[in-house]
Each structure stands twice: as C-alpha cells, then as structure tokens.
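S.K.: To start, I am sharing the structure in question, which I have written as structure tokens.
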Amino acid sequence: MRRAGLVVWGAHEMAASMVRPGVTTGEIDRAIEAFFAKHGAVPLFKGVPGKVPFPAVCCTSVNDEVVHGIPGPRVLVAGDVVSIDTGCSVDGWCGDSAFTHGVGAIAPETQRLLDCTSGVLALAIELMAVRSRWSDVASEMAKYVRDHGFSVVENFVGHGIGRKMHEDPQVPNFCTPAFRKNHDFELEPGLVIAVEPMVNMGTKKVRALQDHWTQSTVDGLPSAHFEHTVAITETGPVVLTAAPAAGETVGSAA
Ligand code: MG
Ligand code: MG
C-alpha cells in the first residue's frame, strides 16, 4: 500500500505544480492519468459506478464544489480554490488522497478554511497515535472545526482501504451517539483507513449538481477537502500517501 501511496503522492505533487490561473481541470486530469500509466498504477476513480460512471481519474472540485467534481474544460482563475482527489492501485493495493489548492492569490478567509481543513487532518493523524477508538478522534475533529467557525460536511465520510478503495469501516469526521453505539471501531495495528475531512465555510449542507456527481455547498460558500491513507502499525500511525522518506522513490519497491 505504501507503493500505491507514493504514486498517489507523486501525482499530487505534479498536479499541484500545474495549478495556476489559466489551466483547465481537464488538463490536470490528463496529466494524472499519464502519471499513473508511467508508474504502472491502475487509476481507481475512472468508471466508478453511478447514474453515469465516473469519467475521469481524479475529482476536481472548485470553490463551492465539495467533492466529486468532474474534470473538464473549466478554466481555473485567480482566487479559486480547487480540491483534487485521486487514487490508484499498485499490484492490487490501493492509495487515496486529496489536497485543496489556492489558485493565485486567495481571500484570507478562504486561506483560513484551507488551513483549518489540513489542520484537522493533521490533528486526526496525531490523535490516532494516542486514542484507542475512532469516535474519540472524530469528536475532537468536529470540535476543532467548530472552534474555527466552520462546518464539517456530514454527507460524506472516509473509509477503510486495502485491496479495494472503499472498504469498511466508515470513517466520519464527526461523532454522533448512534455512531459511538453502533459503528465505532478500535484503532488497532493492521487497520488502514482513508481519513478525509471536508470542511465548509458556511452551512454543512450539500446538494448534487445536474451531472450526477458534483456535490456543492447549498449556500455557495467555499469548501475544502484534505485526505490521507493512514495505516495503524505497532509503532503508531503511518501516512501511506506521504512524501517519500530517505531511500524511497515513487515507483520503487519500498
Ligand atoms: Mg479520495
Ligand atoms: Mg477517499
């Protein structure tokens, strides 16, 4: 799974370097598709079943789009934010991660939204080392976002990941009594989950657009999304979609 994670990381590095005013989301998608092909990785997003099968290897969700945006002719302009989410498998094992980027200069409040969302993902990974149940991590994630004055999206959650991109358990970024009672899980060695907070500047409410995929905020305010694939090991959480460590390279047998 680390090998898949490294390719996902490399794809994101390349995509990040392309984000600027004037680029289209379709150009980013085609570059990621070529990157996966070059590294012998199988894209996981293309063909995901829905009312129409997902047509691209990544999701690009711009501004008020929360997740599942379809890459295409849309031209990014200064002041936009674009969430790029992608995943691949290498030798049958999956990796999945997402980042939100500012395009050119963005409004300070929008930057604060991005910082809060990447911050709450970092917090979750830290807490995975010192909490034994996901409900405790999720509760603190929700509090962190609330304390920043933003809202956690509740319609979409993270997931277990392994041979398939989406496996049990469901990994919410908030906690309810029903989750604690019926769906909570232990953070034990061997567990691998994709942790992916989606944070809205305004209402947590989202709606689907006409394309059957794109999810957008109901109030039109911006949204951000950060995701890592994280393994619990005997010595603590390991981010499988993190940058290469010394001696690791993208595409190597780590
Ligand atoms: Mg993802
Ligand atoms: Mg995911």
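S.K.: How big is the C-alpha Rg of region 93-175 next to the rule-of-thumb value 2.2 N^0.38 Å, as a ratio?
M.R.: Expressed relative to 2.2 N^0.38 Å, the Cα Rg reads 1.19.
S.K.: Take the chain, connect every pair of alpha-carbon atoms lying under 10 Å apart with a spring to form a Gaussian network, then pick out the residue of S151, S223, S132 with the largest mean-square fluctuation.
M.R.: Sorting by GNM fluctuation, first place goes to S132.
S.K.: Of K181/K204; K51/K204; K143/K181; K38/K205, which sit over 27 Å apart, Cα to Cα?
M.R.: Beyond 27 Å between Cα atoms: K38/K205.
S.K.: Which ³J(HN,Hα) values, rounded to whole Hz and listed in residue order, are derived for region 241-246 from phi using the Karplus coefficients 6.51, -1.76 and 1.60 in 6.51 cos²θ - 1.76 cosθ + 1.60 with θ = phi - 60°, glycine and proline given as x?
M.R.: In residue order, the calculated couplings are 9, 7, 4, x, 8, 3 Hz.
S.K.: Still on this structure, I have one more. Could you give each residue of region 73-89 its phi-based ³J(HN,Hα) in whole Hz, using Karplus coefficients 6.51, -1.76, 1.60 with θ = phi - 60°, and x for Gly or Pro?
M.R.: Per residue, the Karplus-derived 3J(HN,Hα) values read x, 4, 9, 6, 10, 4, x, 6, 10, 10, 8, 10, 10, 8, x, 8, 10 Hz.
S.K.: Give, to the nearest whole percent, the P(r) tail of the chain beyond 32 angstrom, counting all Cα pairs.
M.R.: Everything past 32 Å amounts to 16 percent.
S.K.: Go ahead and set up a Gaussian network model of the chain, Cα springs under 10 Å, then flag whichever of V192, V66, V238 fluctuates most.
M.R.: With Cα springs under 10 Å in the chain, the top fluctuation among V192, V66, V238 is at V238.
S.K.: Given H placed 1.01 Å from N in the peptide plane, which residues other than close sequence neighbours of V206 have an amide H under 5 Å from its amide H?
M.R.: Those qualifying (amide H under 5 Å, at least 5 residues apart or on another chain) are V218.
S.K.: Averaging over all projection directions, find the projected area of the Cα convex hull of region 114-227 and quote it in nm² with one decimal place.
M.R.: 7.5 nm²
S.K.: Starting from the residue with the highest accessible area, list H212, H12 in decreasing order, probe 1.4 Å.
M.R.: H212, H12
S.K.: Can you give me the relative contact order of the chain as a percent, contacts being Cα pairs under 8 Å and 6 or more apart?
M.R.: Relative contact order for the chain comes out at 24 percent.
S.K.: For R74, list long-range residues whose amide hydrogen, built 1.01 Å from N in the peptide plane, is under 5 Å from its own amide hydrogen.
M.R.: The list, which skips near neighbours in sequence, is T25, G26.
S.K.: Going by the alpha-carbon gyration tensor, a ≥ b ≥ c the square roots of its eigenvalues, is region 21-95 rounded (a/c under 1.5) or, if a/c is not under 1.5, prolate (a/b greater than b/c) versus oblate?
M.R.: prolate
S.K.: Further, regarding this structure: From the backbone phi of region 9-18, what are the Karplus-calculated ³J(HN,Hα) couplings (6.51 cos²θ - 1.76 cosθ + 1.60, θ = phi - 60°) in whole Hz, Gly and Pro given as x?
M.R.: Per residue, the Karplus-derived 3J(HN,Hα) values read 4, x, 5, 5, 4, 5, 4, 4, 6, 8 Hz.
The values are calculated or read from the model by the stated rules, or taken from the named source; none is laboratory data. These numbers were taken from a predicted model, which means no experiment stands behind them. Remember, those area values only see protein heavy atoms, side chains included, never the ligands or the DNA or RNA. Shrake-Rupley method; radii C 1.70, N 1.55, O 1.52, S 1.80 Å.
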